[in-house]
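The values are calculated or read from the model by the stated rules, or taken from the named source; none is laboratory data. Model, not experiment: these values are computed from the prediction. Cβ: placed from backbone, ideal geometry, glycine included. Neighbour counts: every protein chain shown. The accessibility values were calculated without ligands, DNA or RNA, using every heavy atom of the protein model including side chains. Shrake-Rupley method; radii C 1.70, N 1.55, O 1.52, S 1.80 Å.
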Amino acid sequence: MLPNALVPASVHVSAGRIRAVTPFAETPSDCEIVEAGEDAFVMPGLVDSHVHVNEPGRTEWEGFTTATRAAAAGGVTTIVDMPLNCIPATTTLDALNAKLASVRGKLLVDTAFRGGVVPGNTEELARL
């Protein structure tokens with residue numbers, strides 16, 4: 001879907017980033033062409049802004065490897081880990097650092113983390 005029409009189009013990718021989307025007829029001749037197929041659509045990745053990943057506390061429930069693998073399989077390219085209802089709850093800088101240490105080498109999609117506001121952690125908010 002271009003600004004003025006639903007037409008066959010080219011997605012121009014350079015260094016892993018989309019640089020332009022143009023009508024198919026405007027595809028430069030020196031580009032590799034990868035066909036999505038006549039009945040297929042190319043869509044942007046989705047963002048799941050409400051994911052509870054229980055690593056490192058209850059990784060067997062849902063760890064970062066399984067959460068991000070499932071996200072990627074479903075077309076989700078970014079997850080945002082919620083701060084509560086997981087172990088550790090990211091309501092302190094130490095808890096956030098524990099989560100960050102546990103993700104090394106496990107992420108298959110972009111991942112962001114939210115800090116939680118709960119009674120008693122006012123002093124942590126600026127550090128989070």
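Summary table below
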quantity	calculated
Label point distance in nm, Leu84-Phe41, each placed 7 Å from Cα along Cα→Cβ	3.5
Where labels lie 7 Å past Cα in the beta-carbon direction, separation of Glu60 and Val21 in nm	4.4
Three-way shape call for the stretch 1-47 based on the alpha-carbon gyration tensor, with the a/c threshold at 1.5	rounded
Full-stretch length increase - Asp48, Leu93 - with 0.36 nm per residue and alpha-carbon distance subtracted	13.9 nm
Rounded tilt (10° steps) of 93-102 against the dominant C-alpha axis of the chain	50
The chain: angle of helix 64-73 to the longest principal axis, Cα-based, in degrees nearest 10	20
Heavy-atom accessible surface of the chain: percent carbon and sulfur, 1.4 Å	56
Mean separation of Cα contacts under 8 Å, 6 or more apart, over the residue count of the chain: relative contact order %	19
Whole-number accessible area per residue in Å² for the chain, which is evaluated in the context of all protein chains at 1.4 Å	69
